[in-house]
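Trainee: Quick one: the structure is below, and I'll ask about it shortly.
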Amino acid sequence: MIGSHRRIRLSSPMWHYVAIAMDALLITVSALVCFRWYFGTVEQGPILDRYSLLVLAAIVMMFGFSRSIHRSWRGNSLLDMLHPVLLSWFYSLAIIVAWLYLSKTSTNVSRLWFGVWALSTLGTMCMARLVIYAVLRWLRSKGYNFKTVLIVGHGPISNFVQKAVADAPWSGLQIQAVVAPETLATHLHTASRRQPDEVWLCLQLGDKAGIETSLDALRHSTANIRLVPDWFSLKLMNHGISEMVGLQLLDLSASPINGAAHVVKVTEDMVLAALILVLISPLMLAIALAIKLTSPGPVLFKQMRHGWNGQEISVYKFRSMVVHQEHGSGVTQATRNDARITPLGAFLRRTSLDELPQFLNVLQGSMSIVGPRPHAVQHNEHYKELVPGYMRRHKVKPGITGWAQVNGFRGETDTLHKMEQRVLHDLFYIENISLWFDLKIIFLTVLKGFIHPNAH
């Protein structure tokens, strides 16, 4: 049964924001209940204000982990969903306790109240997820909130996968079609308005021609591409493994940021971005004032670029050019001695100060401090046809700085070779991503300075 279901796909962003609001409400309600239990009333004036700061801090901390604890968990176990909640809440409480200790205000807060609040909040958040898990499991069994899966390949592996998905209607996975490698490109072209969310290659690892044909047809796709191999050959491979509906899937092109690694990455971005913004806020204010006084037009320039999983995001920069209109739908790269660049803008671009507002993108969650630099949408459309593996750059969040930039590959890409080298360095970063690698890149960015001859 392929594509014969009546389905209504619910909005994932909607559920994401509902989950954030739910956690904020649970944290607040738990605090008020514990406050009334401990003090006998919720009308305590300054005391309530003091405790309210703890509640607000907890909400902010959990919001920082939102992409880890509020992401989709379809096809995975209940423990996989509850584990990041426990970990994120523990990290949040640890940060709050450290703050109370360093500010010497820990004696102003009841340890009994704090302990009961911490345990009751964790309990209510887990209980709420148990209820949501059960409800979504029922809804997905009825055909709502599904994800489409395109299966490539015919044979025993393909048959086994189709049966596993059919036996797990609660997962919300729907098989869009089953195609052969040689007809995959045609299928994607004819179904361009309904691209699959997942593509599973049910091919033997020895089927080199079939795998290469499939990957070539999928070179522009931002879907998660996974291989379902025979388990003996699996030992010969060195790729990540995902589990869905009881199936182990070999990741050929999937984001390396998940689980604990995602929590670490989000914590790194939120803490460093907030600290840096506090330190550079006087400088940003001075730059904004200088732009306003020296050139008519807005202070900030926004450009649409591709972010994580190919989604379009607005990237902020200080405006460094005169206000102008591009010819047609293209985007003309800035060149040396570009007449459109203002005198102040030239200085900002040489020193990379024009990119400081992107720390706001980091706090928004659309960018990371370290990652592949985001390119204009039009440039992506051009280079994805010319550079192998180009679209794999979008399997992580774009960054303010990256491995390519600290190795000198920045500025105008006036030759294909420059873009190829930039992409090679970006892919190296993605394949070796870690907290220590990020810290190394940040250190090299500061050590080598922000001024570079290619920045113009």
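The values are calculated or read from the model by the stated rules, or taken from the named source; none is laboratory data. What you see is a predicted model; the values in this text were computed from it and never measured. Note that we place each Cβ from the backbone using ideal geometry, even for glycine, and neighbour counts take in every protein chain shown. Remember, those area values only see protein heavy atoms, side chains included, never the ligands or the DNA or RNA. Shrake-Rupley method; radii C 1.70, N 1.55, O 1.52, S 1.80 Å.
Trainee: What length, rounded to one decimal in nm, is gained on full extension from HIS417 through to PHE443, with 0.36 nm per residue of separation minus their alpha-carbon distance?
Mentor: Full extension of this stretch gives 6.7 nm more.
Trainee: Could you tell me how far the Cα centroid of region 291-322 sits from the Cα centroid of region 99-153, in Å?
Mentor: About 36 Å separates the Cα centre of region 99-153 from the one of region 291-322.
Trainee: Then there is this: Sort the following peptides by mean Cβ neighbour count (other Cβ atoms within 10 Å, averaged over residues), highest first: 429-439, 359-369, 166-176.
Mentor: The most tightly packed comes first, giving 359-369, 166-176, 429-439.
Trainee: Still on this structure, please answer the following. Each residue of region 368-379 in turn: what ³J(HN,Hα) in whole Hz from Karplus with 6.51, -1.76, 1.60 and θ = phi - 60°, glycine and Pro shown as x?
Mentor: With coefficients 6.51, -1.76 and 1.60, one gets 10, 5, 10, x, x, 5, x, 9, 4, 4, 5, 5 Hz.
Trainee: Still on this structure: Place +1 on the Cβ of every Lys and Arg and -1 on the Cβ of every Asp and Glu in region 69-187, take the dipole about the Cα centre, and give the residue among LEU93, PRO181, ALA134 whose Cα lies farthest towards its positive end.
Mentor: Highest projection toward the positive end goes to LEU93.
Trainee: To continue, here is another question. With labels modelled as points extended 7 Å from the Cα through the Cβ direction, what inter-label distance (nm, one decimal) is found for LEU283 paired with ASP167?
Mentor: Label at LEU283, label at ASP167, 5.9 nm between them.
Trainee: Sticking with this one: Starting from the Cα of TRP138, step 7 Å along the direction of its Cβ; do the same at HIS382; then give the gap between the two resulting points in nm.
Mentor: Computed distance between label sites TRP138 and HIS382 equals 5.5 nm.
Trainee: How do 89-100, 150-161 rank on mean C-beta neighbours within 10 Å, highest first? Let's see the in-between values first.
Mentor: Numbers: 89-100: 16.7, 150-161: 18.7.
By packing density, highest mean first, the sequence is 150-161, 89-100.
Trainee: Using the heavy atoms of the protein chains alone and a 1.4 angstrom probe, what is the accessible area of region 378-441 per residue in square angstrom? Walk me through the intermediate numbers first.
Mentor: On the way: 2830 Å² over 64 residues.
Accessible surface, normalised per residue, equals 44 Å².
Trainee: Efficiency by 1/(1 + (r/R0)^6): what FRET value for TRP37 and LEU79, r their Cβ-Cβ distance, R0 = 30 Å, to the nearest 0.05?
Mentor: 0.50
Trainee: Shifting gears a bit: Once you've got the Cα coordinates, tell me which of LYS317/LYS397; LYS265/LYS418; LYS265/LYS440 are over 24 Å apart. Please list the in-between numbers first.
Mentor: Numbers: LYS317/LYS397 17 Å; LYS265/LYS418 28 Å; LYS265/LYS440 14 Å.
From LYS317/LYS397; LYS265/LYS418; LYS265/LYS440, over 24 Å: LYS265/LYS418.
Trainee: Would you calculate the separation in nanometres between label points at THR105 and TRP436, each defined as 7 Å from the Cα along the Cα-to-beta-carbon direction?
Mentor: Between THR105 and TRP436, the label points sit 3.7 nm apart.
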